[in-house]
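Below is one structure, written out as structure tokens; the observations come after it.
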Amino acid sequence: MEQLLVRLGANQADPISWLVYSQTEDEVIASGELPDAAALSTLTERAGQRAVIALAPSSDILLKWVTLPPKAGRKILSAIPFMLEDELATDISQQFFAIGPKKGNEQAVAIVSHDKMLQWQQWLRDAGLFCDTIIPDVLAVPVTEDGWSVLSLGEQLLVRQDTFKGVQGEQTWLLPTLGHFSAQQASVVTITNYAGIDLSALPNTQENEALLELPMQVLAKEAMQSNFNLCQGEYKIKRKRSGALSQWRIAAVLAILALGTSLVDKTITLYQLTAQNDALGAEIDKTVKSGFPNIGTYRNVRLKLQGELAKLEQGGGSASMLVMLDQLSSAFSTTGVKPQTLRFDASRTEIRIQAQGKNFEALEQFKRTAEAAGFVVEQGAINNRDDGVVGTVSIRSTS
């Protein structure tokens, strides 16, 4: 993972330090110093696809720990500006309050003017640098447990005094100020020296020498681990999508729409086929039960019909039901008579049907044709029904 770190100035004419750092390789790829904010545009090419972190001068930012009431909820955060109103020299409406970490009842807050936030973000936008993270520079100095950490950038000195406290300014006045603070401490102050400068004149201190690295490299490592960001609330930056990513996003949306349309179409087709299958199944059941009233229940209609047909064929030799019906086919076709119900008595080799014809003559003709085919036909009562006649007919084989 590679990162472009930019340390902004308090004013547009202030010099700007920058560094490209590879966290994976733990090495500096490039570094330098720009004369002023107007030269930030020269870093656009170096930024490329790398993430950009900006450090803001802590001389323009007040870092505070605020004591909250016990068991205070998140709503109390909106009251912090009013809790600090008496401590600030300017109107709170002109200040932006960025919320930091919380420890017990202690809430960290960074206070910076709206003018400064707008100024820093405008510099970065004008340079074509997408930067969604701005950190006070002293919070990018590594923490010394129960002590201070000191780092220098040119004539500037950065001092971190705890996880959310520090000062930044010119060495000429800040070093004497640190000596005044350290002399007032109840115990010896441990100072980790990342600056490589002589701190022996500071009273009541104990110095730890740190590994000497480029100051911006030290800041880059810590900044990449920081969880605090001034770009929050109204200053939160939404990440831009590249043109290629936007094209892929559009293609993905179109693909999802096409897939959704296809699924809807398939679902409708499946529903229609299921309905047709159910209707066909019902029609098959109706037809089977019409032809075999005593068939009973079944799961597989094909197997059940095969069983029923096998029973019919067991009526004996050439007098089976199927053979008789085959021999009677011409009688049915020539007379237009249709069987409404059909029963077969295997012991008598007899078929009993309720036959429907156009008229009485049709049933008489059927009887004569069947007898001519070698069957004994007995005709029962004949009744008029709708536009035809219905009569009971018994047909017995003589073979």
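Just a few scattered comments:
- Single residue of segment 57-82 satisfying the filter (more than 30 Å from VAL141 (Cα to Cα) and in contact (Cβ under 8 Å) with a residue 12 or more places away in the chain) that is surrounded by the most Cβ atoms within 10 Å (Cβ to Cβ): ALA72
- Condition check for THR398: more than 22 Å from THR287 (Cβ to Cβ), more than 60 Å from the chain's Cα centre (by Cα), in contact (Cβ under 8 Å) with a residue 24 or more places away in the chain and surrounded by fewer than 12 Cβ atoms within 10 Å (Cβ to Cβ): yes
Residue by residue, here is whether (1) small (Gly, Ala, Ser); (2) on the phi < 0 side of the Ramachandran plot; (3) in the same structural domain as GLY100 (by TED's automatic domain parsing); (4) touching a Ser or Thr at 6+ places or on another chain (Cβ under 8 Å) holds:
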| residue | (1), (2), (3), (4) |
| --- | --- |
| VAL150 | no, yes, no, yes |
| GLN161 | no, yes, no, no |
| GLU170 | no, yes, no, no |
| SER182 | yes, yes, no, yes |
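- All positions within segment 188-204 that are of a type in the set (Ser, Thr, Tyr) and modelled with pLDDT of 95 or more: THR190, THR192
- Residue list for segment 22-56, filter: of a type outside the set (Ser, Thr, Tyr), farther than 13 Å from LEU5 by Cβ and loosely packed, with under 13 Cβ neighbours inside 10 Å: GLU25, ASP26, GLU27, PRO35, GLU45, GLY48, GLN49
- Scanning segment 106-132 for residues that are of a type in the set (Gly, Ala, Ser) and more than 20 Å from GLU45 (Cβ to Cβ), we see that the one that is surrounded by the fewest Cβ atoms within 10 Å (Cβ to Cβ) is SER113.
- Condition met for LYS103 (surrounded by 13 or more Cβ atoms within 10 Å (Cβ to Cβ) and of a type in the set (D, E, K, R)): no
- Residue list for segment 1-23, restricted to those being more than 15 Å from GLN121 (Cα to Cα) and in contact with a strand residue (DSSP E or B) (Cβ under 8 Å, 6 or more places away or on another chain): MET1, GLU2, GLN3, LEU4, PRO15, SER17, TRP18, LEU19, VAL20, TYR21, SER22, GLN23
- Restricting segment 106-130 to residues that are of a type in the set (S, T, N, Q) and not in a helix (DSSP H, G or I), the residue that is farthest from CYS231 (Cα to Cα) is GLN107.
- Subset of segment 333-370 [of a type in the set (A, V, I, L, M) and out of contact with any Asp or Glu (no Cβ under 9 Å at 6 or more places or on another chain)]: VAL337, LEU342, ALA346, ILE353, ALA355, ALA362, LEU363, ALA370
The values are calculated or read from the model by the stated rules, or taken from the named source; none is laboratory data. Computed from a predicted model, the values in this text were never measured in an experiment. Cβ atoms come from the backbone with ideal geometry, glycine included; neighbour counts cover every protein chain shown.
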